[in-house]
1. Give me Rg/Rg_expected for the chain, where Rg uses Cα atoms only and Rg_expected = 2.2 N^0.38 Å with N residues.
2. How much of the DSSP beta bridge set in the chain is antiparallel, as a percent to the nearest 5?
3. Taking 0.36 nm per residue of separation and subtracting the Cα-Cα distance, what length does fully extending Leu35 through Asp98 add?
4. Dipole of the chain, Cα-centred, from +1 at each Lys and Arg C-beta and -1 at each Asp and Glu C-beta, to the nearest 20 debye?
5. Can you give the calculated 222 nm mean residue ellipticity of the chain, where each DSSP H run of n ≥ 4 adds -39,500 (n - 2.57) and the sum is split over every residue, rounded to the nearest 500 deg cm²/dmol?
Amino acid sequence: MLNPSRADRLAGLLEFSIRSLPHPYARIFLRRIILRHPVRAMLGIRRYWLQSVTDIQEYRLSDSGEDVFVPRAACAAEHLLVATGFCQKPVPVAGKHDGCPAGRFNHDCLFLTALELGPPAERFASRACEDCFVRVLGHAALRAGASFAILTSALDVAEQILIPALELRRFTHVLMALCPYSLEPMSFALQVCCMDGYVFAFDTGACSDYREWLLADRGDKREQTGLSATGIRRLFNLLNSVAEASSQSGPSRPTVFESIDHVLRPVPGRTAPF
């Protein structure tokens, strides 16, 4: 794995930021986050600058390791956000299925909105759901008592995740998978919003430059992205560790998702968790 230098990371962040200035999401970030919360912004910039990165496909947002992140996230699992891009939703496969039944460029998942942990048996809305990584990750997030988000545009991320995290402390910990092209700006934004956790970069199907990223930000993304086998293993090891630690903290566990501001939030259901 590559070990990016601080200069390379800063260059990537600056290039993305300069190109983004004409767009609404950049103005929202500057006005609602940087200028409205200058002290937190400066602390976030410092954290970002000091952030040690040893693997270009996995960014740890603080110097505390897994042994610190897991128990802290488990103690307040309702403030843990698990998220991945809409581009991980299934694309049509000839002779098998027509792609995600909920559509791709949205926050929706028919399986997760109908999911309740425990019996009766879970049913797929479509054959596309059988091998869907979004379904599996969202299911694991609910088992851990975490919130789950399907990321669409940068503007939606700012309004639905970053600002509530900064101003309301709605999310304090994060496990996120996204395009490597936006890894630096997202890592920076999460640091500014005081979120601890890990960010994983897609290994296949990802945007290669700003033009492709901007098209995807508007919903024009035909490829299906995916994490490396190592990234999948690391992400689920962390999430399952949080679930195990959370289950030891009390008998009452959420069993269903409720969509609040386009984020699936864990809430108690009719069926007792197992």
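The numbers here are math on the coordinates, done by the rules we state, and not lab data. These numbers come from a predicted model, not from an experiment. Virtual Cβ from ideal backbone geometry, glycine too; neighbours counted across all protein chains shown.
1. Working: Rg = 18.0 Å, N = 274, 2.2 N^0.38 = 18.6 Å.
Compactness ratio reported: 0.97.
2. On the way: 13 of 29 bridges.
Taking every DSSP beta bridge within the chain, about 45 percent pair in antiparallel fashion.
3. On the way: separation 63, 0.36 × 63 = 22.68 nm, distance 4.47 nm.
Fully extending the segment from Leu35 to Asp98 adds 18.2 nm.
4. Working: 30 positive and 28 negative charges, 99 e Å.
With only Lys, Arg, Asp and Glu charged at Cβ, the dipole is about 480 debye.
5. Details: 11 runs with 106 residues, N = 274.
After summing the helix terms and dividing by the residues of the chain, the value is -11000 deg cm²/dmol.
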